[in-house]
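The values are calculated or read from the model by the stated rules, or taken from the named source; none is laboratory data. All values derive from a computational prediction rather than experimental measurement. Here Cβ is always computed from backbone atoms with ideal geometry, including for glycine, and neighbour counts include all displayed protein chains. Heads up: the accessible areas ignore ligands, DNA and RNA and are worked out on the full protein's heavy atoms, side chains in. Shrake-Rupley method; radii C 1.70, N 1.55, O 1.52, S 1.80 Å.
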Amino acid sequence: MKKKYTLLALILLIISCETVNKNEFAIVIHGGAGTILKENMSNELETAYKNKMKEALDAGYYILKTSGTSIDAVEAAIKILEDSELFNAGRGSVLSNNEEVEMDASIMTGHNLNAGAISGIKHIKNPISLARKVMEESEHVFLSGKGAEDFAVSKGFETIENNSFITERRLNSVRNAKKRDSIQDNKFGTVGCVALDKFGNITSGTSTGGMTNKKWNRIGDVPIIGAGTYANNNTCGISSTGWGEYFIRNVVAYDISSQIDYLKIDINQAAKNTLKKVKDLGGSGGVIGIDKNGNVMMDFNTKGMYRGYIKSDGEIKIEIYQ
Ligand code: ASP
């Protein structure tokens, strides 16, 4: 009899632990890393960045809190950042050498390792939504250029003028970069989001205009699954920002996930190890992530990274500098 009660108590304990875990959720975003210094930032601009990050976090948090899915939360948060001129994604994207906007994005869901990615997009307002469409309604993972836009139109997306993404600030930057003949401006304004929902599902997404003054249809890490974006419910979700070539060569997002998988180390240590490898090769940038237990990570090897999170208990953090 006593044995029976002990067994029952054990089962109840397991069920209640499961319930607690199932209700844990979290969302984390970044808006790019780089040489972001307090002394170069006006109070107004700093407030504008923080407010926009809060708006994106709140939108995702609301979806998660009301038992929505992590993919809906990630898409909603990234769309807000894409629509803001402050970040290098959607409107406000950096310009290529021929003074056009060419955008890349990707998304991945951790319960089924499904992924969607697009690159070289010039006329779709929210690239993250197109990446999601590729994942959910095509038999492919990665579409590029005109084909990707044809697919978008076939799925009912509106096309808009490339001009409508362009801002004066980005035009000035590309003209300066052209004079220096460089693609590096030490600021990476890519946006990204990782969310864990109440059902234990992790989604990661990343969206960017790439790097200023890029040529020859250059593609960075953002649409490359495993480099800019990765999600696996057994380990974590990751979104990257930084000098894309180095993030591709280090397969950054997958490298962090794999360390958790094989070495059983925590997400913060895994991110540190990977960012060190990026730095040792000469690259810079940052990563955000959430592991399967809801631990949030935000790390970078630059002077700053626009970043923030909200956890299920309402704990919120929004930061910019080191
Ligand atoms: N990683 C992006 C790229 O190389 C740039 C960024 O993070 O802003 O295209």
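So how many residues does the stretch 240-249 have that are more than 21 Å from Gly308 (Cα to Cα) and buried (at least 24 other Cβ atoms within 10 Å of the Cβ)? Summing the residues that are more than 21 Å from Gly308 (Cα to Cα) and buried (at least 24 other Cβ atoms within 10 Å of the Cβ) in the stretch 240-249 gives 2.
Against the numbered list (1) surrounded by fewer than 22 Cβ atoms within 10 Å (Cβ to Cβ); (2) away from the ligand (no atom under 16 Å from the Cβ); (3) hydroxyl-bearing (Ser, Thr, Tyr), Ser84 comes up short only at (2). The set of residues from the stretch 127-139 being in a loop (DSSP other than H, G, I, E, B) and touching a strand residue (DSSP E or B) at 6+ places or on another chain (Cβ under 8 Å) comprises just one member, Ser138. Selection of first residues in the stretch 96-109 that are within 16 Å of Ala77 (Cα to Cα) and of second residues that are part of a loop (DSSP other than H, G, I, E, B), restricted to Cβ pairs under 8 Å at least 6 apart or on distinct chains, gives the following pairs, ordered by first then second residue: Ala105/Ala89; Ala105/Val222; Ala105/Pro223; Ser106/Val222; Ser106/Pro223; Ser106/Ile224; Ser106/Gly228; Thr109/Asn201.
Could you grab me the full set of residues in the stretch 95-107 that are open to solvent by 10 Å² or more (accessible area, probe 1.4 Å) and either within 11 Å of the ligand (Cβ to nearest atom) or of a type in the set (A, V, I, L, M, F, W, C) (or both)? Within the stretch 95-107, Glu102 is the sole residue that qualifies.
Taken over the stretch 273-316, residues that are farther than 16 Å from Lys187 by Cα and in a loop (DSSP other than H, G, I, E, B) amount to 8.
So that you can scan it fast, the table gives a plain yes or no per residue for (1) in contact with a Gly (Cβ under 6 Å, 6 or more places away or on another chain); (2) open to solvent by 50 Å² or more (accessible area, probe 1.4 Å):
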| position | (1), (2) |
| --- | --- |
| Val141 | no, yes |
| Lys146 | no, yes |
| Gly156 | no, yes |
| Leu171 | no, no |
| Ala177 | no, no |
| Phe188 | yes, no |
| Lys214 | no, no |
| Pro223 | no, no |
| Ile238 | yes, no |
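Of the residues that sit in the stretch 53-72 and are out of contact with any helix residue (DSSP H, G or I) (no Cβ under 6 Å at 6 or more places or on another chain) and surrounded by 22 or more Cβ atoms within 10 Å (Cβ to Cβ), which one is nearest to Asp197 (Cα to Cα)? That would be Ser70. Scanning the stretch 48-85 for residues that are within 16 Å of Glu24 (Cα to Cα) and polar (S, T, N, Q) yields Thr66, Ser67, Thr69, Ser70. Here Glu315 meets the list (1) farther than 20 Å from Thr206 by Cα; (2) touching a residue at least 60 places away in the same chain (Cβ under 8 Å) almost entirely, failing just condition (2). Scanning the stretch 259-297 for residues that are open to solvent by 40 Å² or more (accessible area, probe 1.4 Å) and touching a Phe, Trp or Tyr at 6+ places or on another chain (Cβ under 8 Å) returns Leu281, Gly282. Among the residues of the stretch 141-158, the one identified as polar (S, T, N, Q) and assigned to a strand (DSSP E or B) is Ser144. In summary, helices (runs of 4 or more DSSP H) completely within the stretch 159-272 and bearing 1 or more residues that are touching a residue at least 40 places away in the same chain (Cβ under 8 Å) and more than 14 Å from the ligand (Cβ to nearest atom) occur at 168-180.
Candidates Ile107, Ile160: the one that is at pLDDT 95 or above, more than 25 Å from Ala33 (Cα to Cα) and hydrophobic (A, V, I, L, M, F, W, C) is Ile160. Tallying residues that are farther than 24 Å from Met305 by Cα, touching a residue at least 60 places away in the same chain (Cβ under 8 Å), crowded, with 22+ Cβ neighbours inside 10 Å and not aliphatic (A, V, I, L, M) within the stretch 110-134 yields 2.
Across the stretch 188-203, a minimum of one residue is classified as in contact with a strand residue (DSSP E or B) (Cβ under 9 Å, 6 or more places away or on another chain) and modelled with pLDDT under 95.
Against the list (1) of a type in the set (Lys, Arg); (2) part of a loop (DSSP other than H, G, I, E, B); (3) away from the ligand (no atom under 16 Å from the Cβ), the condition Arg91 fails is (3).
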